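In what follows, a single structure is set out as structure tokens and then discussed.
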Amino acid sequence: MSYTKESVDVVLIGSGIMSATLGALLTELQPDWDIRVYERLDYVSRESSDPWNNAGTGHAALCELNYTPAGADGSVDITKAVNINEQFHVSRQFWSYLVDEGIITDPSTFINQVPHVSYGRGEKGRDYIKARHAAMVKNPLFKDMEFSDDPAKHAEWLPLMFENRGPGQVNGVSRTELGTDVDFGSLSRQLLTHIGGKGAQIRTGHDVTDLQRTADGWKVSVKEAASAESFDVNAKFVFIGAGGGALHLLQKSGIAEGKGYGGFPVSGLFMRTSNPELVAKHKAKVYGQAAIGAPPMSVPHLDTRVINGKQYLMFGPYAGFTPKFLKNGKFTDLPFSVKGDNLATMLGVAKDNFDLVKYLVGELAASKKAKYGSLEEFIPEVNPADWEFITAGQRVQVMKKQGKGGVLGFGTEVISAADGSLAALLGASPGASTAAPIMLNLIKTCFPQQYSGWESKLKSIVPSLGRKLHEDETLLDELSEYTARTLQIAR
Ligand SMILES: Cc1cc2nc3c(=O)[nH]c(=O)nc-3n(C[C@H](O)[C@H](O)[C@H](O)COP(=O)(O)OP(=O)(O)OC[C@H]3O[C@@H](n4cnc5c(N)ncnc54)[C@H](O)[C@@H]3O)c2cc1C
């Protein structure tokens, strides 16, 4: 038996970076709104947004090669990279606002400057990195990027990777100082603490079990783990920021816009070291090229991580497969997500993505020796005793209807009800780095009546709102300098 406990303006389901960012924005725009956050775990921000569950790359398309595909003629398309970088500038502005307003007092608790590097092996790899650099450096967003195929320069930039290589190595490397490492767990927790201080109630150990439409919003059914008691809350607006748990809740909402979607889970493993000698010799996030069939976001990379003020190196993720949708999920997550409306989508994806399935199964079966072998492509001499394996967060890639079948998406997708009373976020990449622009778009879509009244406040939070920085170099320079100064990172 459940009973209706209260009526609120906003329910945010999940306490990751997405709910935390939306909660913080809505608190700035409408401080009098009553906001509830429900989190099924006993702690906030411990799924994908936790720093050891994701790679912490501030995705600005500076180093990730999947955003810059090469055509058959070798030319490189940077359209996606420009879009991602523009979005990261929006995040930088939002985070700078938080620091300027004293909401976050020390930016190094969540963001630190770490150069971003792309690495192509052999002649083919070098030529691609060179062509990519040539295409990117023409755009004002990437004007500071450097390229080198000189082994001495590689050793200077990346001693751990290149110092002890023998002669005759052919590699292409591009590098920019503008990169960052971001602790999205710390950021989420600071945002939630802030909105909690402004009146939002954050309830951990509370599982949202159902969503039903009402005359003026949604009835949200919640189960409290400690008491096993269930109750309902009426909300005018609901955001399903449940990460891997979002698809099930979207399906429960029954909104027409959510029909046909499915989820494809990809698990991951990282390797980590805090050996001071290794950490001191590598200050960068180095992304390489994908193997055939590899999901683009699972290309292993060797990263400096800064967590709680301490530096580590992390390598991975090694992708794999489990049917769970959350790290703390259930093996029934995937089978229970199959419904009449998404079966064709899922079968279509399975049929067209044999390479991906083969890759994931291969990665799962790969021995520890093979995993060290992948690391040896970056560091010539690996001592296994220096490294430990840790389980990464779970990604759930979006499968959506296309024609009579389905297509697998690697991006992030917001699905909202036509009346704007509910929105859900599916997908993973570029994910946390772009939470701010994603939530700004969501606000525009879901709150059309309030939006014009909120616009000037939004422009004080994100001065470039509605403008493209690569089309206005003066504004780009001005805002890059402001955000770099405020966040204590490179411009
Ligand atoms: C291996 C890996 C590497 C990644 N690397 C990067 C990276 O380098 N850079 C980057 O920007 N992004 C990266 N991402 C993506 C990024 O981590 C995610 O986009 C982001 O953390 C998602 O935030 P979220 O708030 O949507 O979900 P989460 O952080 O997963 O939060 C969802 C919350 O909802 C809760 N929940 C679920 N169901 C319910 C329910 N029914 N009731 C109540 N609560 C519920 C969960 O317990 C969880 O706390 C990576 C992800 C993975 C898995």
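The values are calculated or read from the model by the stated rules, or taken from the named source; none is laboratory data. Here the structure is a predicted model, which is why all the values come from computation and not from measurement. Cβ: placed from backbone, ideal geometry, glycine included. Neighbour counts: every protein chain shown.
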- Message: Looking only at residues that are away from the ligand (no atom under 12 Å from the Cβ) and more than 22 Å from Gly262 (Cβ to Cβ) in the range 414-436, which one is surrounded by the fewest Cβ atoms within 10 Å (Cβ to Cβ)?
- Response: Asp419
- Could you check the range 157-218 for strands (runs of 3 or more DSSP E) lying wholly inside it with 3 or more residues that are out of contact with any Cys (no Cβ under 7 Å at 6 or more places or on another chain) and either closer than 23 Å to Ile307 by Cβ or of a type in the set (Phe, Trp, Tyr) (or both)? 180-182
- Task: Would you point out which residue out of Ala61, Ala55 is aliphatic (A, V, I, L, M) and more than 7 Å from the ligand (Cβ to nearest atom)?
- Result: Ala61
- Item | Among (1) of a type in the set (Phe, Trp, Tyr); (2) over 26 Å from the mean Cα position of the chain (by Cα); (3) within 11 Å of the ligand (Cβ to nearest atom), the one test that Phe184 misses | (2)
- Query: Could you list, in sequence order, the residues of the range 115-134 that are surrounded by 17 or more Cβ atoms within 10 Å (Cβ to Cβ) and either touching a Leu at 6+ places or on another chain (Cβ under 6 Å) or small (Gly, Ala, Ser) (or both)?
  - Reply: His116, Ser118, Gly120, Gly125, Ala131
- surrounded by 18 or more Cβ atoms within 10 Å (Cβ to Cβ) and at pLDDT 95 or above, is that true of Leu408? no
- Message: Report every pair of residues separated by at least 6 positions or lying on different chains whose Cβ atoms are under 7 Å apart, first residue within the range 470-491 and farther than 22 Å from Asp106 by Cβ, second not in a helix (DSSP H, G or I).
- Response: His470/Asn139; Leu475/Ser464; Leu475/Arg467
- Message: I'd like to check something: does the range 74-93 contain any residue that is more than 13 Å from the ligand (Cβ to nearest atom) and modelled with pLDDT under 95?
- Response: yes
- Could you check how many residues of the range 210-223 are within 15 Å of the ligand (Cβ to nearest atom) and either surrounded by fewer than 15 Cβ atoms within 10 Å (Cβ to Cβ) or without any contact (Cβ under 8 Å) to a residue 12 or more places away in the chain (or both)? 1
- Do we find a residue being in a loop (DSSP other than H, G, I, E, B) and either on the phi > 0 side of the Ramachandran plot or touching a strand residue (DSSP E or B) at 6+ places or on another chain (Cβ under 6 Å) (or both) anywhere in the range 354-376? no
- Before we move on, is Gly58 closer than 26 Å to Trp454 by Cβ and crowded, with 24+ Cβ neighbours inside 10 Å? no
- Test for Thr105: is it under 25 Å from Gln311 (Cα atoms), of a type in the set (Val, Ile, Thr), within 21 Å of the chain's Cα centre (by Cα) and modelled with pLDDT of 95 or more: no
- Query: Which ones in the range 389-407 are more than 16 Å from the ligand (Cβ to nearest atom) and not basic (Lys, Arg)?
  - Reply: Met399, Gln402, Gly403, Gly405, Gly406, Val407
- Note on the structure: Checked Lys404, Lys351 against criteria (touching a helix residue (DSSP H, G or I) at 6+ places or on another chain (Cβ under 9 Å) and charged (D, E, K, R)); the one match is Lys404
- How about the range 120-146: which of its residues are under 22 Å from Ile489 (Cβ atoms) and among the aromatic types (Phe, Trp, Tyr)? Phe142
- Val299 vs. criteria more than 15 Å from the ligand (Cβ to nearest atom) and either modelled with pLDDT of 95 or more or touching a helix residue (DSSP H, G or I) at 6+ places or on another chain (Cβ under 9 Å) (or both): no
- Message: Looking at the structure I just gave you, is Phe315 within 14 Å of the ligand (Cβ to nearest atom), aromatic (Phe, Trp, Tyr), modelled with pLDDT of 95 or more and within 30 Å of Lys369 (Cβ to Cβ)?
- Response: yes
- Item | Subset tally (residues that are out of contact with any strand residue (DSSP E or B) (no Cβ under 9 Å at 6 or more places or on another chain), surrounded by fewer than 23 Cβ atoms within 10 Å (Cβ to Cβ), touching a residue at least 12 places away in the same chain (Cβ under 8 Å) and within 30 Å of Tyr482 (Cβ to Cβ)) for the range 139-183 | 2
- Message: Restricting to the range 236-263, count the residues that are in a strand (DSSP E or B) and either within 13 Å of the ligand (Cβ to nearest atom) or under 23 Å from Ser7 (Cα atoms) (or both).
- Response: 6
- Note on the structure: Counting only residues that are hydrophobic (A, V, I, L, M, F, W, C), near the ligand (Cβ under 8 Å from one of its atoms) and surrounded by fewer than 24 Cβ atoms within 10 Å (Cβ to Cβ), the range 1-43 contains a total of 1
- Message: If Pro265 satisfies all but one of (1) modelled with pLDDT of 95 or more; (2) touching a Pro at 6+ places or on another chain (Cβ under 8 Å); (3) not aliphatic (A, V, I, L, M), what's the number of the condition it fails?
- Response: (1)
- Task: Would you confirm whether any residue within the range 184-192 is at pLDDT 95 or above, within 21 Å of Leu247 (Cα to Cα) and crowded, with 20+ Cβ neighbours inside 10 Å?
- Result: no
- Message: Condition check: basic (Lys, Arg) and within 16 Å of the ligand (Cβ to nearest atom). Does Lys371 satisfy that?
- Response: yes
